[in-house]
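Accompanying notes for the structure given below.
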Amino acid sequence: MPIDPFYHKVFADVASHTEMFELLNIPVDASLEDRMTGACYAGRWFEIEQRAYDEMFEVLPPLFIGRAMFALSEMKAGSVGSVFFEIEVAGRKRWFHGYCDLGDPGAPDRMRAAILLRETGDTSHMSRSEKLEAVWSTTHSDFRGLAGELNPTAWPRQHPGKRTVLVYVAGIGTTLQLLEDLTDEEIQYRLPHRRTP
């Protein structure tokens, strides 16, 4: 199962201080509307040095500070802004910058999960909520949705707006299930895994 292409790494190495600023200011080939709303920036990320992470924390008052992450108070465009992450990858702390739509409260956590999966394919260090975000972001849009989205009278109408995924249940067939109700085994099965050559 591939990682959602919405989250994409835009620089192969660890960006130096100078390279980080070049990447933050790189022009994007997109429509004027996408540049003004920030849609063409959301999902882009790259790795940075710890020094840059620490320095950016001091630049502007953060919009928010979360679990090993913070967002700058100045937006790139629309509601899309810079989020800086400290993520432990294979037992070593690393630092990243990503553009997230900060109008969506779950966007930074989804990006964090996507970065971790992209960098290691190892899910052992991920919390249950991070794994659920990774499952959601890597599930094709044809197989996920919101409860009541298409048919307000259909199950699970008692949970309107909650995220659902299609699952196969032996003896029943394919059915909708709330994302949060997936068992650990169902989550593990749906996570992308890095294949060894």
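Each value in this text was obtained by applying a stated rule to the coordinates, not by laboratory testing. Small disclaimer: the values here were computed from a predicted structure and weren't measured. Glycine gets a Cβ as well: all are built from the backbone with ideal geometry, and neighbour counts include every protein chain shown.
Things to note:
- For the stretch 44-52, 3J(HN,Hα) computed residue by residue from phi via the Karplus equation (6.51, -1.76, 1.60; θ = phi - 60°) reads 7, 8, 7, 8, 10, 7, 4, 4, 5 Hz, glycine and proline entered as x.
- Gain on full extension, evaluated as 0.36 nm per residue between Leu23 and Val169 minus their Cα-Cα distance, stands at 48.0 nm.
- The string of couplings for the stretch 99-106 from the Karplus curve (6.51, -1.76, 1.60, θ = phi - 60°) is 9, 10, 7, 7, x, 10, x, x Hz, one whole number per residue in order, with x for Gly and Pro.
- Highest to lowest packing among 10-16, 60-66, scored as the average C-beta count within 10 Å: 10-16, 60-66
- Residue separation of Leu60 and Ser31 scaled by 0.36 nm, minus their Cα-Cα distance, works out to 7.5 nm of gained length.
- Within the stretch 29-129: Cβ-based charge dipole about Cα centre, in debye rounded to nearest 20 (Lys, Arg +1; Asp, Glu -1): 300 debye
- Annotation: extensible slack from Gln188 through Ser16 equals 58.4 nm (criterion: 0.36 nm per residue apart, minus Cα-Cα distance).
- Protection-proxy order for peptides 35-43, 110-118, each taking the mean of Cβ atoms within 10 Å per residue, highest first: 110-118, 35-43
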